[in-house]
Every structure is written in C-alpha cells, then in structure tokens.
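Report on the structure given below.
Any read-out appearing in this document is the output of simple, stated calculations on the displayed coordinates, not a laboratory observation. Please read all numbers here as calculations on a predicted model, not as lab measurements. Cβ placement follows ideal geometry from the backbone for every residue including glycine, while neighbour counts extend to all protein chains displayed.
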Amino acid sequence: MFPAYRRQTAKFCSAACRRTGISRPCAHCGSLVYRSASQVGENVYCSSECSALHSRFRTGQVPWNKDRKGIHLSPASEFKPGARLQSRDAIGTVRLRMDNQGDPRAWVKVAEPNRWMLRAQVVWCEAHGPLPPQHVIHHRDRDKLNDAIQNLECLTKAAHMDEHRAEILASRWPSRRWDSGHFWFQGRPAQLPLWVEVA
C-alpha cells in the first residue's frame, strides 16, 4: 500500500573518504569515540551517562567562583546604584494591554516607580474624585477603549455583574438564549426555567 522507504545514506567515493571524522577518547571512561569533525568539541563522551558522570560536581571539587563574592566581570556595563533606566516610561504614558477576555484596555502610568491605572478610572477620578470602595467603572456603549466621561458610569460590583450577566452566560453557553431581566436577583420562582433552548 505504501512505498517502502529506505534509509538515505550519504554517497562517498571510498571507505577512506567515509571515515573523515576524528576518533577521540571519551573524557570520562577513555573508550574511543568516532565523531565527525563538526561534532568534536572540548570534551567528547561515548554516552549520555558518561557525560552526566563527568560533568557533575564531585566531592571536594571547588567551584570557579569560590571566595569571589561580589565579582565584577564587566564593570563598564553593570547597573550602578541610583542609576535610572533610559527606557523607563514617563508618567502619563498610555499602553494597551489585553484583559482576561482578550479585549484591549488602555492603561496610564500615574506614579513612579511602576504604578499603572486603567485610563477609564483615571478619567473618572479626575472628573468625580476617588472611586468608592467595591465600585467599578462601566462603559455604557460596551467599547472598553471609549473612555470619554459621557460613556463612563460608576457601578457597584454587583450592579455591574447584573448589567453584563446575560452577555457572560451567552458567551459560556451560546446554544441557549439567556433572559437579561431582573429576576436573577429578585428571587426566581422554582418552576421558571433559567434558560430557553434556541431552535
């Protein structure tokens, strides 16, 4: 049914040309190992076991950096105490980041060294003062990048969840039609279905 595949071997003019590699002793056990010229490095090993046994620390072996605490291998390029990064963003820089749902959100740097806030929260706080505890900023048109003050609304976390409940449930179970009415938090009667199958 399938064609028979044969292992492809390199063509050589003679057996002598084929043996152009180098035979070197294994760095651990001493047995001869044949390697091509490109595979020969400082140490050659006959197996992975020999490589592991030879390259691990032995009892009493001294590491190269013993008694060299605070060694400076490249002092010209080291970070100096008190120095500031040139790539650090200035206060007021706006960046786009993805939220948990994969939607872009705008973040603004508000303080050093690295304090960022959502741009919607910054706009709201500049217009109305600090955000109350347990409150979030809601975008009325559902566009998370439209941070105009007319589009923002301060809601409690519970009210914000009620606002988006139908959308969240529809994204989790798209084959069902979810009712976005207020019976979710008013005590739904037991006989009312929570969802309706879409035909």
So, with points 7 Å from each Cα along the Cβ direction, the Asn151-Ser23 label distance in nm works out to 7.7 nm
Give the long-range amide H neighbours of Val44: residues separated by 5 or more places, or on another chain, with amide H under 5 Å away, using H modelled in the peptide plane at 1.01 Å from N. Ala27
Computed ³J(HN,Hα) along region 47-63: with the Karplus parameters 6.51/-1.76/1.60, θ = phi - 60°, integer Hz and x for glycine or proline, the list is 7, 5, 5, 5, 5, 5, 5, 7, 8, 7, 5, 9, 4, x, 6, 9, x
What trypsin sites (Lys or Arg not before Pro) does region 57-103 have in DSSP loop regions with at most 14 other beta carbons within 10 Å? Arg58, Lys66, Arg68, Lys69, Arg84, Arg88
D (µm²/s, integer) via Stokes-Einstein for region 98-177, Kirkwood Rh across alpha-carbon pairs, 20 °C, 1.002 mPa s: value 153 µm²/s
